[in-house]
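Data first, discussion second: the structure below is written as structure tokens.
The values are calculated or read from the model by the stated rules, or taken from the named source; none is laboratory data. Everything quoted here is computed from the prediction, not taken from an experiment. Note that each Cβ is placed from the backbone with ideal geometry, even for glycine, and that neighbours are counted across all protein chains shown. What goes into the accessible areas is simple: the full protein's heavy atoms, side chains included, and nothing from ligands, DNA or RNA. Shrake-Rupley method; radii C 1.70, N 1.55, O 1.52, S 1.80 Å.
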Amino acid sequence: MTTREIITCVLAFSLLGGCAKIPPPFLDEYVSIDLFIENGQVLDGLGGAAKAADVVVVGEKIVFVGDAQFTAEDLGSRIKKRIDANDRIVAPGFIDLHAHGDPFETPEFENFLAMGVTTITLGQDGSSPEVAHLANWMEQVASNGIGPNLLMFVGHGTLRTLSGIGRTQTPAPEDLERMLEMLDTSLKVAFGMSTGLEYNPGLNAKREELLALARVVGRNDRMIMSHMRNEDDEQLEDSIAELLDQGRFARVHISHLKSVFGKGADRADELLGLLASARDAGIQVTAGVYPYSASYTGIDIVFPVWAKTVEQFEVAKLERRDELAEYLRNRINRRNGPEATLLGTDPYTGKTLAELAHELETPFEDVLIDVIGPDGTSGAYFVMNDELQARLLTDSFVGVCSDGRATGFHPRGHGTFAKIIEKYVMQDKVLTLPEAVRKMTSFAAGVLGITDRGVVRAGMVADLLVFDPARVHATATYPNPLQLAIGFDVVIVNGNVARQDGQLGDGLFGDVLRPGT
Ligand SMILES: [Zn+2]
């Protein structure tokens, strides 16, 4: 016993008649304990094995992890909420490296909370809210309330639009200057810049512009989160090289790393090798993947660069129709055919392009031209190879993103983080549970530059999960993609119960995060 404990014991003896009830020393510092999670198997998020421990939370912070040894008296009087983990896993809440959605439309984002995600990142693929001051928009989100925590990226495409550059290939010097200034200002509140080089208007940007932007990002100690120029297998080396070039000035991250039409673990190893040698050369590069073999995006992804926008498309339809039809026929066939394109926007929702073409008795390329058009729908495209994607996931510098949204017609928005545990940990055993949790917590926090979340440790913010990995189940499917994941019994956001046993808590507890806080 320490002197302090002896004194406490003597006091306790005289007041209570015994030395059995000694509150742990840290308890003295707090008038009350807001949350006590007892009997957990704690995975700290750093990759080590689970350890039996209690977790004590005061306000939004974890104040103790270990054997709390609370007495019955403490439990009755000073603990506001008590959760018996009963040997289940207690882990940091998951951080989604790349998500989509509108916090004003679906502020609760239950799809994310239900799969254990306590922090989402929006402003992806080059597109962030088209507002003059991102900081004001973020304040509005915060005052409106949001279920998980939110952090923002500023979109390169959006900056192009706001600075008047639009789809111009080579911006005028004064426009470029304006865009760089806007980026600089936005990076005070955003965690980085996102690019969407496969989409308009970002696809018009050339090397010089991208390097100028990267310098500003690096100077602010932020990162570039990139949907690369082209994800087709034979284009990947070029796409990665373009991003690594920017990586000389700022940290870079490949969003939803995939190979469209590529196959096999060996191909994944080639790509991972490229990233590893870049890291050896001093470039800070990481990537994220989602665990599905179909991508999901606007149908313009299959249209040629000269017919992606409605204006370009109308011209192409009149002047280059045969060429356009042939391009679409070849591209769709290359992407595993019209059966592998599942449409996700009404009135086509749930039909494949093949089914729609059959229904209309029209060749699918003509359906794309005459019925749908480049802005007519979103779709799921079954273009990826499971073996290749699974190998990517095992790399220690590859994390997890859903790329999903609350309303998207693709199961990734409701299933990703559950599927990682259900399939890759429990069924296929390609990841251990501590490693999977590390990827989804401390690794993601490190990528984003978050220093106070992603680890279960005293002093960190209490974003926490309680779950039994054997019961985690991603129920979302391609035909029914909007079904909530099950198995994350308790989801704590900033010390509050955001969701428990399938029910949302009595409030929106997410914060809008700022970098460096
Ligand atoms: Zn993307």
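Residues checked against (1) within 18 Å of Leu197 (Cα to Cα); (2) under 28 Å from the mean Cα position of the chain (by Cα); (3) assigned to a helix (DSSP H, G or I):
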residue: Gly273; (1), (2), (3): no, yes, yes
residue: Arg279; (1), (2), (3): no, yes, yes
residue: Gly282; (1), (2), (3): no, yes, no
residue: Thr286; (1), (2), (3): yes, yes, no
residue: Pro291; (1), (2), (3): no, yes, no
residue: Ser295; (1), (2), (3): yes, yes, no
residue: Ile301; (1), (2), (3): yes, yes, yes
residue: Ala316; (1), (2), (3): no, no, yes
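Applying the criterion of being within 13 Å of the ligand (Cβ to nearest atom), not aliphatic (A, V, I, L, M) and not in a loop (DSSP other than H, G, I, E, B) to the residues of the stretch 195-213, the residue that is surrounded by the fewest Cβ atoms within 10 Å (Cβ to Cβ) is Gly196.
If the condition is being open to solvent by less than 10 Å² (accessible area, probe 1.4 Å) and either of a type outside the set (Phe, Trp, Tyr) or free of Cβ contacts under 8 Å to residues at least 12 places away in the same chain (or both), then the stretch 415-430 contributes Gly415, Thr416, Ala418, Ile420, Ile421.
Here Ala470 meets the list (1) more than 19 Å from the chain's Cα centre (by Cα); (2) crowded, with 16+ Cβ neighbours inside 10 Å; (3) not acidic (Asp, Glu) almost entirely, failing just condition (2).
The residues of the stretch 335-372 that are open to solvent by 20 Å² or more (accessible area, probe 1.4 Å), assigned to a helix (DSSP H, G or I) and of a type in the set (Val, Ile, Thr) amount to a single one, Val371. Meeting the requirement of 1 or more residues that are more than 30 Å from His253 (Cα to Cα), the strands (runs of 3 or more DSSP E) wholly within the stretch 24-106 are 33-42, 51-58, 61-66, 79-84.
Counted as qualifying within the stretch 373-486 are the strands (runs of 3 or more DSSP E) with 3 or more residues that are away from the ligand (no atom under 16 Å from the Cβ) and on the phi < 0 side of the Ramachandran plot, namely 464-467. Scan the stretch 169-185 and give yes if some residue there is open to solvent by 60 Å² or more (accessible area, probe 1.4 Å) and either closer than 25 Å to Pro291 by Cα or assigned to a loop (DSSP other than H, G, I, E, B) (or both), otherwise no. Within the stretch 169-185, one or more residues are open to solvent by 60 Å² or more (accessible area, probe 1.4 Å) and either closer than 25 Å to Pro291 by Cα or assigned to a loop (DSSP other than H, G, I, E, B) (or both). Across the stretch 92-108, the number of residues qualifying as of a type outside the set (Val, Ile, Thr), more than 16 Å from the ligand (Cβ to nearest atom) and surrounded by fewer than 24 Cβ atoms within 10 Å (Cβ to Cβ) comes to 5. Evaluate the following for Arg438: is it modelled with pLDDT of 95 or more, in contact with a His (Cβ under 7 Å, 6 or more places away or on another chain), closer than 30 Å to Asp221 by Cα and among the charged types (D, E, K, R)? In short, no.
Residues in the stretch 250-271 that are within 16 Å of the ligand (Cβ to nearest atom), buried (at least 22 other Cβ atoms within 10 Å of the Cβ) and not in a loop (DSSP other than H, G, I, E, B): 3 in all.
Of everything in the stretch 272-312 that is surrounded by fewer than 17 Cβ atoms within 10 Å (Cβ to Cβ) and of a type in the set (Asp, Glu), the residue that is nearest to the ligand (Cβ to nearest atom) is Glu311. Take the stretch 214-233 and flag every residue that is closer than 20 Å to Val447 by Cα, outside any helix (DSSP H, G or I) and over 20 Å from the mean Cα position of the chain (by Cα). Across the stretch 214-233, the qualifying residues are Asn220, Asp221. Kindly establish whether Ile332 is of a type in the set (A, V, I, L, M), within 16 Å of the ligand (Cβ to nearest atom) and not in a loop (DSSP other than H, G, I, E, B). Against the criterion (of a type in the set (A, V, I, L, M), within 16 Å of the ligand (Cβ to nearest atom) and not in a loop (DSSP other than H, G, I, E, B)), Ile332 does not qualify.
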